[in-house]
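K.L.:
Okay, handing you the structure first.
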Amino acid sequence: MDKFEVSLFTNEYMIEQAKDTIIKTNEYTKKYGLSLTEKDALLIINEKNEALHSSGRIELGAGVSEKIIMEFADSPYITKDQYVQTIIELQDIFYYFKNESLEELTDEELLKIMKYYFDHDCQGDLEFLQSTILENVCRSIRYGRRDFGNKSKE
């Protein structure tokens, strides 16, 4: 087996592992009426890879996809009809603002902030979350302030 074949096998293996991890979240999310098919999981992974590429980031495995699913599953603003698309958009928002926050927020802090504002001020409006709330949070961080209400602790 040459180097290219080994690399290809590893990538396929990583995709399979990420898919399995995402599918396992169904055990938790089913109590909220949410579940993902294998096709959904692969779509989320493909879109995550696009978001990573666009943001110049690298990540292995399911990474933030699983964290987003687990963090947002209980949101009253996520329905089964738009569940997959919402997860995909939240991934895009996450990676963008991970860069914009100058790495000052841990993944968990950023996810908590996103979830808090998504459920409260934004009432499920992803555009408002991205274009207003998170822009303000990142602006505060860039100016050396963390006065966005400690929403990462809630």
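The values are calculated or read from the model by the stated rules, or taken from the named source; none is laboratory data. All of these numbers come straight from a predicted model, not from anything done at the bench. In this analysis, Cβ positions are derived from the backbone assuming ideal geometry, glycine residues included, and neighbour counts consider all displayed protein chains.
K.L.:
Filter the range 75-120 down to the residues that are in a loop (DSSP other than H, G, I, E, B) and within 22 Å of Asn46 (Cα to Cα) and list them by number.
P.N.:
Passing the criteria: Ile78, Thr79, Lys80, Asp81, Gln82.
K.L.:
Additional query: Given the residues Thr79, Thr86, Thr106, which is the only one that is surrounded by 15 or more Cβ atoms within 10 Å (Cβ to Cβ) and at negative phi?
P.N.:
Matching residue, one of Thr79, Thr86, Thr106: Thr86.
K.L.:
Now for a different question. Please tell me if Ser54 is of a type in the set (Ser, Thr, Tyr), on the phi < 0 side of the Ramachandran plot, part of a helix (DSSP H, G or I) and under 11 Å from the mean Cα position of the chain (by Cα). Steps first, please.
P.N.:
On the way: of a type in the set (Ser, Thr, Tyr): yes; on the phi < 0 side of the Ramachandran plot: yes; part of a helix (DSSP H, G or I): yes; under 11 Å from the mean Cα position of the chain (by Cα): no.
No; evaluated as a whole, the condition is false for this residue.
K.L.:
I've got another one for you. Exactly one of (1) more than 14 Å from the chain's Cα centre (by Cα); (2) surrounded by fewer than 17 Cβ atoms within 10 Å (Cβ to Cβ); (3) not polar (S, T, N, Q) is unmet by Cys138. Its number?
P.N.:
(2)
K.L.:
So in the range 27-68, with the set limited to residues that are buried (at least 16 other Cβ atoms within 10 Å of the Cβ), at pLDDT 90 or above and not hydrophobic (A, V, I, L, M, F, W, C), which one is nearest to Met114 (Cα to Cα)?
P.N.:
My answer is Lys67.
K.L.:
Looking at Ile78, Ile69, Ile113, can you tell me which residue is of a type in the set (Val, Ile, Thr), closer than 26 Å to Ser131 by Cα and under 11 Å from the mean Cα position of the chain (by Cα)?
P.N.:
From the options Ile78, Ile69, Ile113, the qualifying one is Ile69.
K.L.:
Let me ask something additional. Residues being touching a Lys or Arg at 6+ places or on another chain (Cβ under 8 Å) and without any contact (Cβ under 8 Å) to a residue 40 or more places away in the chain: count how many of those fall in the range 105-129.
P.N.:
3
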